[in-house]
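This report concerns only the one structure given below.
Bear in mind these aren't lab numbers, they're just calculated from the coordinates by the rules spelled out. Computed from a predicted structure; not experimentally measured.
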């Protein structure tokens, strides 16, 4: 949507359309407000604050850094477990591909 606000479709060139940008920003604000309203109606705002702020943001900010963490995360679908497993490789840890639908053959 933001890209649509930056492109002039009639002239096929980059041009900032301020009116579209304002509508995109208003859409983001309204969507965020509706999401917060949903959590408020369900009585889940304290849980949202707990999980998003304390566990995700502050937990990641002050967590111990693990060298090569992204490589370790990428090895999980292949059954390789470095932390928290009895063996370094487990057959049950291999991620199976999703089933194909009948329209794919």
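State whether the range 11-60 is rounded, prolate or oblate according to the following rule on the C-alpha gyration tensor (a ≥ b ≥ c being the square roots of its eigenvalues): a/c under 1.5 gives rounded; otherwise a/b larger than b/c gives prolate, and the remaining case gives oblate. Note, shape of the range 11-60 comes out oblate. Shape analysis of the range 3-89 places it in the oblate category; the axes a ≥ b ≥ c from the Cα gyration tensor give an a/c of at least 1.5, with a/b not above b/c.
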